[in-house]
Structures are given as C-alpha cells and as structure tokens.
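Working notes, structure below.
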C-alpha cells in the first residue's frame with residue numbers, strides 16, 4: 001500500500017507556484033509588463049537621488065551667499081567668491097550683464113523693467129532645470145497602478161480560459177494566473193507610491209529654493225538700482241578665538 005502511494009505521487013504532476021513561475025505562465029505579455037514596471041521604478045529612484053543631490057548642493061551654496069557674498073564691496077567681487085556654474089552665480093552674472101546694457105534704455109522705468117525681466121528669466125531657467133525629471137515621477141505615480149492592473153486583467157482572463165478548457169474551476173488551473181494577477185497589482189503599487197512621495201517631497205524643496213532665489217534676485221535688483229547702497233543685512237562673521245595666555249610661573253616660597 002505504501003509503495004502504491006509513492007508511485008501515485010511520482011506520477012502526479014507537480015505544480016510550481018511562485019513569482020517567476022507566474023511570469024512564465026504569463027509569457028511575453030507578463031514579462032513585458034514587468035519590464036516596464038522595473039524601468040519605471042529604476043527611473044524614479046534615479047531622479048530622486050540626482051535631484052536630491054542637486055538641491056542639497058544649491059542649499060549648501062546658499063550658506064556661502066549669506067556669509068561671504070554680501071560682504072564684498074561690489075557685486076562683481078562678490079560673484080568671484082561664488083562657485084562657478086552655480087545658480088547664485090548665474091543670477092549675479094545675468095544681473096551684471098543686464099546692468100551693462102541697460103544704458104541703452106532711454107527711460108529709467110524701461111531700464112528697471114529690463115533689469116527685472118533679465119533676472120526673472122534667469123530665475124525661471126534655474127527653476128526649470130530644478131523641475132526637470134519631476135514630470136516623469138508624476139507620470140509613473142499616475143500610470144504605474146494601471147500598468148499593474150493591465151497585468152491583473154490579463155492574468156484573470158487567462159484563468160477564465162483555463163477554467164473553460166478544463167471544464168471545472170480546479171485550483172491547479174487558476175492558481176497560477178490569479179497569482180500572476182495579484183503580483184502585478186502589488187508591483188504596480190510598489191512602483192507608484194514611492195514615485196508620488198518623491199514627487200511631492202522634491203516639489204516642496206524646489207518651492208523653498210524658488211523662494212530663496214526670488215529673494216536673492218530682489219536683493220540684486222535693489223543693489224544695482226541703488227548703485228550698491230542697498231544691501232541685505234548679513235550675519236556677523238564668526239569671531240576667532242583668542243589665543244590662550246601663557247600660564248604664569250608659580251611664585252617661589
């Protein structure tokens with residue numbers, strides 16, 4: 001009797017269930033959907049990391065603007081203290097360039113508008129660069145669940161076909177396709193949620209940077225129009241610690 005049970009078990013088909021087995025059952029369509037979701041996820045994390053590093057760099061450079069730039073006697077000398085190709089250096093350079101050409105304006109109001117417009121264009125270009133890549137995060141957050149849902153629909157459709165061919169809703173006919181459907185739905189959500197969170201977080205940080213750029217642009221405009229008389233208040237430079245006085249020798253008894 002024991003030998004007969006072993007023989008029956010050896011002859012019975014062994015159904016394999018798991019992630020890769022479900023993808024194999026789905027064929028080319030399942031692998032294509034999974035590949036698209038992986039590309040979305042990798043792209044989202046790449047944008048998150050690169051944009052976060054870019055934002056941190058700009059915020060770190062802003063500390064130099066507050067401590068060193070406005071201590072310079074002129075904007076040109078202050079610009080020399082800023083990092084090249086930085087957002088803050090770009091605003092200063094564009095402001096100085098606009099100042100050098102505003103003499104061609106016949107009206108003082110036109111000159112002011114020219115300076116203001118030049119700084120506004122420079123600020124807009126910086127914000128556009130900071131926002132680069134964020135539409136991809138928004139697209140992933142909006143479409144990844146539906147891409148996963150497509151895999152779900154296909155998996156359920158295949159499960160119904162297997163039921164029809166088998167003539168009965170046995171578990172071995174529907175478990176694989178249904179498992180594939182659930183896996184695709186879960187992957188779609190796992191891709192979408194981090195993308196949405198990253199998009200909102202980066203947007204909030206970009207908004208803060210935009211406010212700082214706007215304030216800096218206004219200060220530059222005021223400084224140029226006042227011929228250097230108007231400057232924002234800056235924090236005092238940290239005082240250097242005085243060297244310790246040498247200890248006096250002890251008096252002899």
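The values are calculated or read from the model by the stated rules, or taken from the named source; none is laboratory data. Keep in mind that what you see is a predicted model, and the values were worked out from it rather than measured. Positions of Cβ are generated from backbone atoms using ideal geometry, with glycine treated the same way; all protein chains shown enter the neighbour counts.
Residue-wise test of (1) more than 30 Å from the chain's Cα centre (by Cα); (2) buried (at least 18 other Cβ atoms within 10 Å of the Cβ); (3) closer than 30 Å to residue 59 by Cα; (4) at pLDDT 75 or above.
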| residue | (1), (2), (3), (4) |
| --- | --- |
| 149 | no, no, no, yes |
| 163 | yes, no, no, no |
| 169 | yes, no, no, no |
| 179 | yes, yes, no, no |
| 184 | no, yes, no, yes |
| 204 | no, no, yes, yes |
| 228 | yes, no, yes, yes |
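Only one entry in 119, 82, 115 is surrounded by 20 or more Cβ atoms within 10 Å (Cβ to Cβ) and outside any helix (DSSP H, G or I), namely 82.
For the range 37-54, indicate whether the set of residues that are in contact with a helix residue (DSSP H, G or I) (Cβ under 6 Å, 6 or more places away or on another chain), more than 21 Å from residue 212 (Cα to Cα), surrounded by fewer than 16 Cβ atoms within 10 Å (Cβ to Cβ) and free of Cβ contacts under 8 Å to residues at least 40 places away in the same chain is non-empty. The answer is no, given that none of the residues of the range 37-54 is in contact with a helix residue (DSSP H, G or I) (Cβ under 6 Å, 6 or more places away or on another chain), more than 21 Å from residue 212 (Cα to Cα), surrounded by fewer than 16 Cβ atoms within 10 Å (Cβ to Cβ) and free of Cβ contacts under 8 Å to residues at least 40 places away in the same chain.
The criterion of being modelled with pLDDT of 85 or more and more than 26 Å from the chain's Cα centre (by Cα) does not hold for residue 27. Within the set 238, 249, 232, 243, the sole residue that is at pLDDT 55 or above, farther than 29 Å from residue 127 by Cα and part of a loop (DSSP other than H, G, I, E, B) turns out to be 249.
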